[in-house]
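Q: Once you've had a glance at the structure underneath, I'll fire off some questions.
The values are calculated or read from the model by the stated rules, or taken from the named source; none is laboratory data. Keep in mind the model is a prediction, meaning the values are calculated, not measured. When we count neighbours, we look across all protein chains shown, and the Cβ atoms used for this are built from the backbone with ideal geometry, even at glycine. Side chains included, ligands, DNA and RNA excluded: accessible areas come from the protein's heavy atoms. Shrake-Rupley method; radii C 1.70, N 1.55, O 1.52, S 1.80 Å.
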Amino acid sequence: MKKLLLVSVLAVLMMSFQIFPISLKITIRDELGNLTEGATVTLYKTEEDYINKENPVGSAELTNQKGIASFKNLEPAPYFIYAEKGEMNNIERGVQTDTLQKGRVNKATIIID
């Protein structure tokens, strides 16, 4: 009986990780506040990786027509965001997220100029 209960609890825990993956939606705007389609957005786990532009978390994503890049299956941690389009980027601007939360869509807005 205890074994069955343990297996059931483990099954529920495994399903909850699949049902509620941690995601992050990043909106990119230009210096005038306009949504920026076609910007490249990359996530990094450490500030050093962000500065050196190495060891990204997964592949870079392009923003859609609404200026949004989406990332899924992330860990509950803070991330450093680098966004660029042409000569515009977010260097020296807000680049770190709060610790991402499970069970909700985490969001951030980045300004590039």
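Q: Does any residue of region 46-55 turn out to be on the phi < 0 side of the Ramachandran plot, part of a strand (DSSP E or B) and not aliphatic (A, V, I, L, M)? Show your work before the answer.
A: Narrowing region 46-55 to residues on the phi < 0 side of the Ramachandran plot: 46-52, 54.
Add one more test, that the residue is part of a strand (DSSP E or B), and what stays is none.
The answer is no, given that none of the residues of region 46-55 is on the phi < 0 side of the Ramachandran plot, part of a strand (DSSP E or B) and not aliphatic (A, V, I, L, M).
Q: Would you tally the residues in region 56-73 being open to solvent by 50 Å² or more (accessible area, probe 1.4 Å), assigned to a loop (DSSP other than H, G, I, E, B) and either touching a residue at least 24 places away in the same chain (Cβ under 8 Å) or among the charged types (D, E, K, R) (or both)?
A: So the answer is 3.
Q: Sticking with this structure for a sec: Can you work out which of the residues in region 1-35 that are at pLDDT 65 or above and more than 17 Å from the chain's Cα centre (by Cα) is most open to solvent (accessible area, probe 1.4 Å)?
A: Of everything passing the filter in region 1-35, Leu32 is most open to solvent (accessible area, probe 1.4 Å).
Q: I've got another one for you. Could you check region 36-73 and list, in sequence order, the residues that are small (Gly, Ala, Ser) and over 21 Å from Val105 (Cα atoms)? Quick ask: steps written out before the conclusion?
A: Going residue by residue through region 36-73, those that are small (Gly, Ala, Ser) are 38-39, 58-60, 67, 69-70.
Residue satisfying the conditions is Gly38 alone.
Q: Scan region 78-90 and give yes if some residue there is over 21 Å from Leu35 (Cβ atoms) and open to solvent by 50 Å² or more (accessible area, probe 1.4 Å), otherwise no.
A: No, region 78-90 has no match at all.
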